[in-house]
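The values are calculated or read from the model by the stated rules, or taken from the named source; none is laboratory data. On a predicted model such as this, the values are computed, not experimentally measured, just so you know. Neighbour counts are summed over all protein chains in view; Cβ atoms, including those assigned to glycine, are modelled from backbone coordinates with ideal geometry.
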């Protein structure tokens, strides 16, 4: 490589550098786009699905619509939902007929640490009792604390609002 | 020889035993090396500053997705696909969903097909932007990744609006997509296209024309077409070697035949050619999104006859889509039950990385970083 | 179509046309172990590239599948080699298609198939001291290979070292089981 070419290369390099610095300079005077997280929060995550939760019932606004069929449990890829209920056997006033059995829901245990937010439980729910919570900022230090009882959560929410 | 006594794990031992000339330095790059994008490890035998032999060691992120496929039902396996390749998750979604749809002969409504194209291309731009930023970061340029992530955020906001997540999507369904797109999304997507069109020339000024970058990329890692074929390289790696091959054109699927876009090809075979292919692909993806938005028909987003429980007939199927890194293939064998009999995931990075050993021979160590970056590796996809 | 004449003059067990819109391949080629290398060489000559090598655990043994495709004339071709369950062994094609190296190592990890002549035969994705092969199925779950070929046209009766395609147990006389008819009748059966 002769001297002339070397100078040409250097000039070319310097020119490309100047063009790049020009771009950087333009953006330097524009307002910043990053956010200092704990002090400020962003508002573009409102549509994030968040964890699964039981929705307020449509027929009975004080309870959930869940019929305890277990479809969500079976469809969940990672088995993070468990429906808990107790069977109440009532004596039927007419002695010939069968005893009347009713199910009473005692909880819907949800392990968020395994959930992949795929939405299979929500889509497959026959009564649309489940939905996403849009709750983004939920973090725990301990894995045990990341389990929720969705029924208790719903009741708490309803009692607060009423 | 002293190195043998010091010596490392199983793979290092194997590597040492294949050494023909003793006394050369063995170098472990990774698995925690920042330029390997995750947990890739490369054992390198150095002769001075030059690489005489290299062997990638993978498997640190192996999760056995293929076995999971055999124990989960077709529906339950869907969220796995977002985790195989976290950068272009929707293409993997599509490959799996497409394979099952092909096996069961499920018809997809046209509106859903267009939504798939729009979201998949948007995801492709996101993937290329991350690659672009990270590759330049490997080469020592810090600024570009900030620009890239700024743009990517815009696309992620849009995708989050309809899919509910920002990275590990699980959006496509057998026979359609989960949610319809609304006017807010459509106008947002148009704005994003406009934004990208103004940013791409800026990227060119800022980086592509930069002299320092060109010196790091040009004539580095030359991959002849014949070698790319022997290794089965696909995607931008192949197109950087002058072969015009894109699954969207070669094995047309969905509504891609109706859309007008070019396949960018560069003949230089080096890292810079692969770089240019990806940047040009972003431009093409913007074009595809704009066309698809203007052609978007009205109608359902889920096939009304889509079965709730998937039980395909006996048989096997191979379905391929074009991901950001190349040909994504899903081989699915069904025995007629509600779980797949065998599910094979063909990941493009796997083939693209396997040629690194041959490509790196005789190059400088610093160039190996450039070559690795230009292959655009996503380790979870390689290890599966 | 060029794929039809691809294997002319080579020893193969059987080959069958597939329906690309149903199974994604244009041709399945059934091979014995000794015939594999020649077939692979032919594919390299014809500028095919390797997509992947994978296994399938079926009742008849372990089948190794090689998927090939072409850049200029797309059309996937599958080479299928059946090997026994006891000591499964297939010759390597990594000296022909270098990309097969990793795919074959992966196939060993998952199915325990040994590829003879492989230059670096050691575990790739699995830990080095792991002796299980996770994708092998328990005996009761194995399916017959011949039942899973519904995407292909019927293979006319052929017998290889391990492959054994018997004439379909159709009540019609053998003329009725000509490839085209057989494919159709199977479609009807499914629907």
**Asked** For residue B:86, are the conditions met, namely being within 14 Å of chain A (Cβ to nearest Cβ), modelled with pLDDT under 90 and within 26 Å of the chain's Cα centre (by Cα)?
**Response** yes
**Prompt:** If only one of C:73, C:141 is within 24 Å of residue B:233 (Cβ to Cβ), modelled with pLDDT under 85 and more than 8 Å from chain B (Cβ to nearest Cβ), which one is it?
**Reply:** C:73
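If I go through the range B:226-251 residue by residue, how many of them are assigned to a helix (DSSP H, G or I) and under 20 Å from residue B:262 (Cα atoms)? Walk me through it before giving the result.
First, the residues of the range B:226-251 that are assigned to a helix (DSSP H, G or I): B:226-231, B:236-239, B:247-250.
Pick out the ones that are also under 20 Å from residue B:262 (Cα atoms) and you get B:236-239, B:247-250.
Of the residues in the range B:226-251, 8 are assigned to a helix (DSSP H, G or I) and under 20 Å from residue B:262 (Cα atoms).
Residues checked against (1) over 16 Å from residue C:82 (Cβ atoms); (2) in contact (Cβ under 8 Å) with a residue 60 or more places away in the chain:
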position	(1), (2)
C:13	no, yes
C:17	yes, yes
C:31	no, yes
C:39	no, no
C:44	yes, no
C:47	yes, no
**Message:** Need a quick list: strands (runs of 3 or more DSSP E) entirely within the range B:1-108 having at least 3 residues that are free of Cβ contacts under 8 Å to residues at least 24 places away in the same chain and closer than 26 Å to residue C:141 by Cβ.
**Reply:** none
**Prompt:** If you check A:162, A:133, which single one turns out to be over 27 Å from residue B:69 (Cα atoms) and crowded, with 17+ Cβ neighbours inside 10 Å?
**Reply:** A:133
**Fill in**
Subset of the range A:24-39, residues closer than 23 Å to residue B:203 by Cβ, modelled with pLDDT under 85 and either away from chain B (no Cβ under 11 Å) or in contact with a helix residue (DSSP H, G or I) (Cβ under 6 Å, 6 or more places away or on another chain) (or both), comes to A:33
**Request:** Pick out the one residue from B:135, B:147, B:96, B:86 that is within 30 Å of residue B:304 (Cβ to Cβ) and assigned by TED's automatic domain parsing to the domain that holds residue B:292.
**Result:** B:96
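Going by what's in this entry, would residue C:115 be described as more than 10 Å from every other protein chain (Cβ to nearest Cβ), within 30 Å of residue B:380 (Cβ to Cβ) and either at pLDDT below 85 or in contact with a strand residue (DSSP E or B) (Cβ under 8 Å, 6 or more places away or on another chain) (or both)? Spell out how you get there, then give the answer.
Details: more than 10 Å from every other protein chain (Cβ to nearest Cβ): yes; within 30 Å of residue B:380 (Cβ to Cβ): yes; either at pLDDT below 85 or in contact with a strand residue (DSSP E or B) (Cβ under 8 Å, 6 or more places away or on another chain) (or both): yes.
For residue C:115, the condition - more than 10 Å from every other protein chain (Cβ to nearest Cβ), within 30 Å of residue B:380 (Cβ to Cβ) and either at pLDDT below 85 or in contact with a strand residue (DSSP E or B) (Cβ under 8 Å, 6 or more places away or on another chain) (or both) - is met.
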**Complete:** Exactly one of B:37, B:75, B:33 is surrounded by fewer than 18 Cβ atoms within 10 Å (Cβ to Cβ) and either within 14 Å of chain A (Cβ to nearest Cβ) or under 26 Å from the mean Cα position of the chain (by Cα) (or both), and that residue is B:33
**Prompt:** Picking from A:115, A:121, which residue would you name as being buried (at least 18 other Cβ atoms within 10 Å of the Cβ), in a loop (DSSP other than H, G, I, E, B) and touching a residue at least 40 places away in the same chain (Cβ under 8 Å)?
**Reply:** A:115
**Request:** Please work out which residue is nearest to the chain's Cα centre (by Cα), limiting yourself to the range B:1-30 and to residues that are more than 14 Å from chain C (Cβ to nearest Cβ), under 22 Å from residue C:119 (Cα atoms) and modelled with pLDDT of 75 or more.
**Result:** B:28
**Prompt:** For the range C:21-36, what are the residues that are crowded, with 17+ Cβ neighbours inside 10 Å and either in contact with a strand residue (DSSP E or B) (Cβ under 7 Å, 6 or more places away or on another chain) or within 14 Å of another protein chain (Cβ to nearest Cβ) (or both)?
**Reply:** C:22, C:23, C:24, C:25, C:26, C:27, C:28, C:29, C:30, C:31, C:33, C:36
**Asked** Just checking, how many residues over the range B:356-384 are part of a loop (DSSP other than H, G, I, E, B), closer than 27 Å to residue B:318 by Cα and more than 9 Å from chain C (Cβ to nearest Cβ)?
**Response** 4
**Request:** For the range C:81-88, state whether one or more residues are under 20 Å from residue B:327 (Cβ atoms) and either surrounded by fewer than 20 Cβ atoms within 10 Å (Cβ to Cβ) or in contact with a strand residue (DSSP E or B) (Cβ under 6 Å, 6 or more places away or on another chain) (or both).
**Result:** no
**Message:** For the range A:1-19, check the following and say yes or no: at least one residue is free of Cβ contacts under 8 Å to residues at least 12 places away in the same chain, surrounded by 10 or more Cβ atoms within 10 Å (Cβ to Cβ), within 19 Å of residue B:149 (Cα to Cα) and in contact with a helix residue (DSSP H, G or I) (Cβ under 9 Å, 6 or more places away or on another chain).
**Reply:** no
**Message:** Against the conditions (1) within 12 Å of another protein chain (Cβ to nearest Cβ); (2) in contact with a helix residue (DSSP H, G or I) (Cβ under 6 Å, 6 or more places away or on another chain), where does residue B:163 fall short? Just the number, please.
**Reply:** (2)
**Request:** Could you please find all residues in the range B:228-244 being touching a helix residue (DSSP H, G or I) at 6+ places or on another chain (Cβ under 7 Å), at the interface with chain C (Cβ under 9 Å from one of its Cβ atoms) and surrounded by fewer than 24 Cβ atoms within 10 Å (Cβ to Cβ)?
**Result:** B:243
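Among B:353, B:345, B:332, which is outside any strand (DSSP E or B), crowded, with 21+ Cβ neighbours inside 10 Å, at the interface with another protein chain (Cβ under 10 Å from one of its Cβ atoms) and in contact with a strand residue (DSSP E or B) (Cβ under 7 Å, 6 or more places away or on another chain)? Full working, then the answer.
Numbers: B:345 fails: outside any strand (DSSP E or B); B:332 fails: outside any strand (DSSP E or B).
Just one listed residue meets the conditions, B:353.
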**Message:** Any residue at all in the range A:97-109 that's assigned to a loop (DSSP other than H, G, I, E, B), within 18 Å of residue A:146 (Cβ to Cβ) and in contact with a helix residue (DSSP H, G or I) (Cβ under 7 Å, 6 or more places away or on another chain)?
**Reply:** no
**Message:** So, residue A:92, is that one assigned to a loop (DSSP other than H, G, I, E, B), surrounded by 11 or more Cβ atoms within 10 Å (Cβ to Cβ) and touching a strand residue (DSSP E or B) at 6+ places or on another chain (Cβ under 8 Å) or not?
**Reply:** yes
**Prompt:** Can you tell me which residue in the range B:252-267 is nearest to residue B:286 (Cα to Cα), limited to those that are in contact (Cβ under 8 Å) with a residue 24 or more places away in the chain and outside any loop (DSSP other than H, G, I, E, B)?
**Reply:** B:256
**Complete:** Checked pairs for the range A:132-153, first without any contact (Cβ under 8 Å) to a residue 12 or more places away in the chain, second outside any loop (DSSP other than H, G, I, E, B), C-beta under 8 Å and 6 or more apart or across chains, list as A:140/A:146
**Message:** So, in the range B:148-160, exactly how many residues are crowded, with 22+ Cβ neighbours inside 10 Å and either outside any helix (DSSP H, G or I) or facing chain A (nearest Cβ under 9 Å) (or both)?
**Reply:** 0
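Please verify whether the range C:111-124 includes one or more residues that are closer than 23 Å to residue B:40 by Cβ, in contact with a helix residue (DSSP H, G or I) (Cβ under 8 Å, 6 or more places away or on another chain) and buried (at least 22 other Cβ atoms within 10 Å of the Cβ). Show your work before the answer.
Narrowing the range C:111-124 to residues closer than 23 Å to residue B:40 by Cβ: C:118-124.
Cutting the leftovers down to in contact with a helix residue (DSSP H, G or I) (Cβ under 8 Å, 6 or more places away or on another chain) gives us C:118-124.
In the following step, the residues that additionally are buried (at least 22 other Cβ atoms within 10 Å of the Cβ) were identified as C:124.
Looking for residues that are closer than 23 Å to residue B:40 by Cβ, in contact with a helix residue (DSSP H, G or I) (Cβ under 8 Å, 6 or more places away or on another chain) and buried (at least 22 other Cβ atoms within 10 Å of the Cβ), one finds at least one in the range C:111-124, hence yes.
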**Item:** Scope the range B:311-329; condition in a strand (DSSP E or B) and on the phi < 0 side of the Ramachandran plot; matching residues
**Value:** B:316, B:317, B:318, B:319, B:320, B:321, B:322, B:327, B:328, B:329
